[in-house]
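Following: one structure in structure tokens, then a few remarks.
The values are calculated or read from the model by the stated rules, or taken from the named source; none is laboratory data. Since the structure is predicted, the reported quantities are computational estimates derived from the model, not experimental observations. FYI the Cβ positions are ideal-geometry reconstructions off the backbone, even for glycines, and counts take in every protein chain you see. The protein model used for the area step is the full one, side chains on, heavy atoms only, and it has no ligands, DNA or RNA in it. Shrake-Rupley method; radii C 1.70, N 1.55, O 1.52, S 1.80 Å.
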Amino acid sequence: MYESKGDKLFTAVITAALLVLAVIALVPLLSVLATSFSSKRVVDLNLVTLWPKEFTFASWGYIVDRLDLWKSFFLTFGSTLIGTVLALLMTALLAYPLSKPEFRWGSVLMIGVVIAMIFKAPIIPYFLTVRGIGLYNNPLVLIVPHILNPFNLIIMRTFFKQFPKELEEAAFLEGSGYFRMLFQFVLPLSKAVLATLALFYGVVLWNQFQHPLLFIQNPDLFPLQMKIRQFITDENALVPGIASSVNLMYNERTLRAATVIFAITPIIIVYPFLQKYFVKGAMIGSVKG
């Protein structure tokens with residue numbers, strides 16, 4: 001494909017700008033990572049920048065031995081996994097009929113979806129409603145309010161509208177119903193949009209903080225983000241009496257840095273496997289309204 005000088009210049013400028021933004025985004029991450037692998041002496045002296053000094057696994061050894069942290073990790077992991085599967089299922093079950101012109105109430109329901117996307121529920125009635133259905137201090141509050149997102153529903157509906165009609169007609173002639181058509185033919189051919197929405201839902205569920213802050217007061221039910229907040233705001237929750245332990249190779253700063261890296265590592269590991277579907281799914285789902 002021929003590229004003019006203007007196109008090449010545009011590509012070079014965009015590439016340079018993205019590289020600068022990538023470096024800006026990586027600097028704080030590298031600084032936290034370096035702190036987590038450094039000794040408390042160099043951290044207290046502010047000698048750590050982007051590379052560990054007096055390299056040690058002491059902070060990580062302490063963090064991985066914390067059972068309460070692993071409990072919060074598996075609670076968050078389980079709610080993210082189950083919540084993402086349920087969210088994709090619910091989104092597909094609603095998006096597929098909404099993509100069919102023969103569905104009489106589709107346009108009315110889509111108006112409701114758009115209104116729900118634009119106007120968020122007031123916080124006090126929302127809190128009272130969620131508490132009223134028994135989700136206060138209940139781990140299900142990490143899943144139930146997130147199993148359907150209007151924006152993701154619109155993306156999947158748009159993707160389904162572009163599904164080949166000839167394939168559907170052939171399946172119907174073979175005796176398939178709508179449910180068999182959805183689960184046996186449509187969803188297996190929708191990996192791009194499913195991977196994209198799985199990433200959207202997964203990141204929201206993994207990083208959620210507001211819902212646990214509002215609805216979970218029992219420390220035994222804290223998800224990972226709440227546990228990290230507890231470590232940052234309460235020194236005794238992280239390691240009691242650390243100030244008097246002069247022989248330790250870690251302190252509050254190195255432990256907090258290790259905890260932060262511990263929390264974001266799963267998302268960083270998963271993202272490259274979904275990236276190849278991400279752009280394709282988002283673009284296909286946004287071509288038509």
With Cα coordinates, the longest principal axis of the chain makes an angle with the long axis of helix 252-284, in degrees rounded to 10, of 20
Give the share of C-alpha pairs in each 5 angstrom bin for the chain, from 0 to the last occupied bin, in whole percents, shortest bins first.
1, 5, 9, 11, 12, 12, 12, 11, 9, 7, 5, 3, 2, 1, 0, 0
Row for region 1-127, column shape: gyration tensor on C-alpha, a ≥ b ≥ c, rounded if a/c < 1.5 i.e. under 1.5, prolate if a/b over b/c, else oblate; value oblate
Among I155, I82, I118, determine the one that fluctuates most according to a GNM of the chain built with springs between C-alpha atoms less than 10 Å apart.
I118
In degrees, nearest 10, range 0 to 90: what is the angle between the Cα axis of helix 150-161 and the longest Cα principal axis of the chain?
40
Longest exposed-loop-site-free stretch of the chain, with GluC sites (Glu not before Pro), DSSP loop and at most 11 other Cβ within 10 Å?
175-289
Based on alpha-carbon atoms only, what is the radius of gyration of region 97-213 relative to the globular estimate 2.2 N^0.38 Å?
1.30
Rounded D (µm²/s) - region 126-165, Kirkwood Rh over Cα pairs, Stokes-Einstein at 20 °C, 1.002 mPa s
174
Roll a 1.4 angstrom probe over the protein heavy atoms and tell me the percent of accessible area of the chain that is carbon or sulfur.
71
Cα-derived Rg to Rh of region 36-93, Kirkwood definition:
1.30
